[in-house]
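The values are calculated or read from the model by the stated rules, or taken from the named source; none is laboratory data. Predicted, not measured: the structure shown is a model, and the values here were computed from it. Don't worry about glycine lacking a Cβ; one is built from the backbone with ideal geometry, like all the others, and counts go over all protein chains shown.
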Amino acid sequence: MKGSTKRKSVSYAKWGYIFILPFFAAFLIFQMIPLASTIYYSFFEYYRSGLNIIGPNFVGLENYKALLGSDFTKYMGNTLILWIIGFLPQIFFSLLLAAWFTDLRLKIRGKQFFKVVIYMPNLIMASAFSMLFFALFSDNGPVNAFLISAGLIDKPFRFLSTVVGARGLVGLMNFLMWFGNTTILLMAAIMGINPALFEAAELDGCNHTQIFFKITLPNIRPILVYVLITSMIGGLQMFDVPQILTNGKGTPNRTVTTIIMFLNNHLYSKNYGMAGSISVILFIICAVLCIGVYFSLNGDDSKPKKKKKKAARAAKA
Amino acid sequence: MRQKNENAHPIFTLFVHLVLIFLAFLCLFFFYILLINSTRNHFDIQKGFSFLPGTSFVSNFKKVMADANIPVLSGIKNSLIVSSASAILATYFSALTAYGLYAYDFKLKKPAFVFIMLILAMPTQVSALGFVRLVDRMHMMNTLWPLFLPSIAAPAVFYFMYSYIQSSLPMELVEAARMDGCGEFMTFNRIVLPIMKPAMAVQAIFSFVGAWNNYFIPALVISDNNKKTLPILIAALRSADFLKFDMGKVYMLITIAIIPIIIVYLLLSRYIVDGVTLGGVKE
């Protein structure tokens, strides 16, 4: 492919630069410069007090020190917990469904219907979805009305006033919004596995479980890594759902306040120094994760192949 | 394709279907109640839960439209402008960038590609502070421009386009066009873009939906009532004193925000579901 692009006499190199220019110009203006100024402000005392703007005065790492003394770690913990509550069922059901959907011995009726339905919540406006959940799970909302009329509880369960209820709802929504997407990614990965591996395993009398753990899982590892890391980045970005569900307050007792909600509060109160230091810490974490994404997508091809061979040997042994 | 020696045990097959039905129920149930409640008036909704629709759909709709505090019509208009512009910019410029990096040899080709791949998953939130300050200095606060112009640089869309172009654009075609005296831009617009159509359609949908649903950055940039997009209106509804609200109206506004997307999705579901992975992820 690449060989045929060899220049004959005319050089087309400048067109390459021209074609990629808009992308890089837009990226420079709307991402790089803002990122640079974000990092810059993180070293300054710069906030609004009443009607006065204090600063910007250079304070070195003071903002970072203040951050560690604040509730930052608590909100990091909240974000992590909320992400895990959503991610565990998400990866469990996605693996299960992806394995089932690609298993030819299983005759699933309405496969296309199920795929369409489970992917749907991914496209729903998260803020509207949260508003819907807030209305449905409010103390005198339809869910409580339903549970009471079914005789399961005798007085309304206050979902949004208990830690378990509020965190559980955020986790449930994240699970619903993402498990369909993950299922489809994993399905594509499973369908990309060399069918000969499955045939060999079946000939050797492997059952569903053995095939899943010995062949499927090892072969989709790059995609699993990709799913895990992108989901972590998504988890760090968690904002719309807890923000709308709790009206930005993270109730009860700020147990569902995420790190981006914390950032958002500082941005709204024009506390730029602190907002800057939160952003920089987030940026560093995301940069590390992005390198992970890079390698999960561009990892050298020899590794999976080696694994395939190993799996083939294991299946034959 | 795999040979099937035997079919799975019927009890196991039944179990699989029960799990699938349960998950599908979870995905549909909440939207079903939403639709039902958008057809019932406030009083009916307060009385309790119902599986059957009411008769107040039209009156709820009229009430939402008439509410001066929630400018729904301008909200829909603003959301449509931002989402359409985002979709067009993201797909066109991503295709252009992908073609530029695929079809030409130049010194910075490899570094440029690696750079985009490294920022592929970088969230925009990390530079939100600088972004809002920049928008302020450009005098673009309370305008829609800053909500769609950044879409020109959409790394994820680029990656999708690049994977697609690799698998479906033979360079011979480009060279033939050059022999015929086609300029580089014309080659891209006339020859390459038509070939990219399927990928562009899928990414246009994803970009549109992404912008339609976006809340964090718009909420920081927009404060004028008549510039607000739908997610900001929803958030405003949430922060208003909830108990005073007509629940019929609340459900109706949520319906307006999400049902159009669901309808478009159901019409195009085959392309969208297949498109999630089309060239997007290598196995």
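Structure values in brief
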item	result
Condition met for A:GLY250 (more than 9 Å from chain B (Cβ to nearest Cβ) and at pLDDT below 90)	yes
Matching residues in region B:149-186 - criterion: being of a type in the set (Val, Ile, Thr) and over 15 Å from B:PHE93 (Cα atoms)	B:VAL174
Boolean, B:PHE22 is closer than 15 Å to A:ILE108 by Cβ, within 27 Å of the chain's Cα centre (by Cα) and more than 9 Å from chain A (Cβ to nearest Cβ)	yes
Residue list for region A:236-247, filter: crowded, with 23+ Cβ neighbours inside 10 Å, within 11 Å of another protein chain (Cβ to nearest Cβ) and either on the phi > 0 side of the Ramachandran plot or assigned to a helix (DSSP H, G or I) (or both)	A:ASP240, A:VAL241, A:GLN243, A:ILE244, A:LEU245
Qualifying residue in region A:105-118 (condition: touching a Cys at 6+ places or on another chain (Cβ under 8 Å) and not polar (S, T, N, Q))	yes
Options B:PRO170, B:PRO150; residue that is over 12 Å from B:VAL221 (Cα atoms), surrounded by fewer than 16 Cβ atoms within 10 Å (Cβ to Cβ), out of contact with any strand residue (DSSP E or B) (no Cβ under 6 Å at 6 or more places or on another chain) and of a type outside the set (S, T, N, Q)	B:PRO170
Pair list, Cβ under 6 Å, 6 or more apart: region A:39-62 residue closer than 20 Å to A:PHE283 by Cβ, other residue acidic (Asp, Glu)	A:VAL59/A:GLU45
Residue ID - surrounded by the fewest Cβ atoms within 10 Å (Cβ to Cβ), chosen from residues in region A:190-210 that are free of Cβ contacts under 8 Å to residues at least 40 places away in the same chain and facing chain B (nearest Cβ under 10 Å)	A:GLY205
Residue that is nearest to the other protein chains (Cβ to nearest Cβ) [pool: residues in region A:85-116 that are touching a residue at least 40 places away in the same chain (Cβ under 8 Å) and β-branched (Val, Ile, Thr)]	A:THR102
Candidates A:TYR17, A:TYR75, A:TYR47, A:TYR64 - the one that is within 23 Å of the chain's Cα centre (by Cα) and either away from chain B (no Cβ under 11 Å) or closer than 30 Å to B:LEU193 by Cβ (or both)	A:TYR75
Lone qualifier among B:LEU120, B:LEU173 - being in contact (Cβ under 8 Å) with a residue 12 or more places away in the chain, part of a loop (DSSP other than H, G, I, E, B) and in the same structural domain as B:MET196 (by TED's automatic domain parsing)	B:LEU120
Filtered residue count, region B:179-189, keeping only those that are surrounded by fewer than 17 Cβ atoms within 10 Å (Cβ to Cβ) and more than 27 Å from the chain's Cα centre (by Cα)	7
Qualifying residue in region B:8-15 (condition: closer than 19 Å to B:ASP246 by Cα, surrounded by fewer than 16 Cβ atoms within 10 Å (Cβ to Cβ), at pLDDT below 90 and not small (Gly, Ala, Ser))	no
Residue match in region B:227-235 (condition: surrounded by 22 or more Cβ atoms within 10 Å (Cβ to Cβ), in contact with a helix residue (DSSP H, G or I) (Cβ under 8 Å, 6 or more places away or on another chain) and basic (Lys, Arg))	yes
